[in-house]
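Contents: one structure, followed by commentary.
The values are calculated or read from the model by the stated rules, or taken from the named source; none is laboratory data. Just so you know, these numbers come straight off a predicted model, no measurement behind them. Virtual Cβ from ideal backbone geometry, glycine too; neighbours counted across all protein chains shown. For the accessible areas, the whole protein counts, side chains as well, though only heavy atoms, and no ligand, DNA or RNA atoms are used. Shrake-Rupley method; radii C 1.70, N 1.55, O 1.52, S 1.80 Å.
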Amino acid sequence: MNTETEGTLLSFLVLLALGLEPAVIKANPSNPIGFITLSVFFAALILWAVLLATGRFKEIPEKPAELKKTFLTGLFATAIAYSLYSLGTSMSTAVNSGIITRLEVFYSLAIGWLILRERVSGKALTASVLLFGGVFLVLTQGKWITPRKGDILLLLTPLFWQLGHAVAKFTDYSPLTIATLRNTFGFLLLLPLALMSGIQFTGLALAEGVIIAATQALWYASISRINLSKATAILTPAPAVTIAVAIAFLGEKVGVYHLLGFLLVAAGTLLIAFEESGKR
């Protein structure tokens, strides 16, 4: 199996887990900041256990300069992004959350082109237009209305994910080590806010911790093999899983604009997911 195929398959595994995540966050009955802080803590514990068991932790003292980069990844992609994600989903719906955050491909294309010098083809730009159209339909529901506050927070969430991912691409640690340190620093940064707002243990926080740990370890393994923009695009159909779970377990309603928006998002994904990774 070549590197391109491996990276693509890993991204599809992340897609399945990400589809569940908005429903888990929306079902949370506790304070959003306390919930995500506890979830990140559980994720860090799981990843540290694996890191210690595999012996990968030895690379941390061997390359201490890389700690600064993992701190930035923890700041952007965990502390800031997951705060926005948890708050935004709590003020919106799981379906909206699942679809709106797929706007991540716009940020990934821009950051990939500007910072990582990744190639962006005309096909990728066309795909981006379709993705934007899909998210726009979900935001407006076919009317010229002001998006709800939660939706605005969800629009900002993937920007900080991508800033963290861009830093991770330059980090000379294994994917497992990056994910472990990202959540460790993210938890430490979130903890003061959680202590002020309140922390309450729930089984959903543990479930979210497992999702975070699994998706991040697989994600960094994926983007170490293929373009950031391609890996991000593959995740775009995740809302299909979210929609199914939200209807079945949360009783959420899915309207025609949700479905049209998702179809545009899926169409954009098909245009870009099978492109070869390359540099400009």
ask   = If you roll a 1.4 Å probe over the chain with all protein chains in place, what percent of the accessible area is carbon or sulfur?
value = 73
message = Going Cα to Cα from Lys58, which aspartates and glutamates come in below 15 Å? Please leave out same-chain ones fewer than 8 positions away.
response = Glu66, Asp172
query = For the range 93-102, what does the Karplus curve 6.51 cos²θ - 1.76 cosθ + 1.60, with θ = phi - 60°, yield as ³J(HN,Hα) per residue in whole Hz, taken in order and with x for Gly and Pro?
reply = 10, 5, 5, 4, 4, x, 7, 4, 5, 6
task = Report relative contact order for the range 80-234 in percent, whole number only (criteria: Cα-Cα under 8 Å, sequence separation at least 6).
result = 36
task = Over every pair of different alpha-carbon atoms in the range 137-217, take the mean of 1/r and invert it; report that Kirkwood radius in Å.
result = 15.5
remark   = For Glu118, other-chain or 5+-apart residues with amide H closer than 5 Å (H placed, Pro excluded) are Trp113, Arg280
task = Roll a 1.4 Å probe over the protein heavy atoms and report the accessible area of Asp172 in Å², nearest 10.
result = 90
remark   = In nm, the gap between the two label points placed 7 Å beyond Cα toward Cβ at Gln141 and Lys58 is 5.8
query = Within the chain, which DSSP H helices have Cα atoms that stretch 20 Å or more along the helix axis and a mean Kyte-Doolittle hydropathy of at least -0.5?
reply = 3-27, 32-54, 122-140, 149-169, 175-197, 203-223, 256-272
inquiry  = Pairs of alpha-carbon atoms within less than 8 angstrom and 6+ residues apart define the contacts here; what relative contact order does the chain have, in percent?
reply    = 42
query = Going down the list Lys68/Lys169; Lys63/Lys169; Lys68/Lys149; Lys230/Lys253; Lys169/Lys230, which pairs span over 22 Å between their C-alpha atoms?
reply = Lys68/Lys149; Lys230/Lys253
query = On full extension of the chain, what length is gained from Leu270 through Met196, given 0.36 nm per residue of separation minus the C-alpha to C-alpha distance?
reply = 22.2 nm
ask   = Please identify the chymotrypsin sites (Phe, Trp or Tyr not before Pro) of the range 58-159 that satisfy two criteria: DSSP loop assignment and at most 13 other Cβ atoms within 10 Å. Which are they?
value = Trp144
key: Per residue accessible area of the range 48-113, 1.4 Å probe, in Å²   = 39
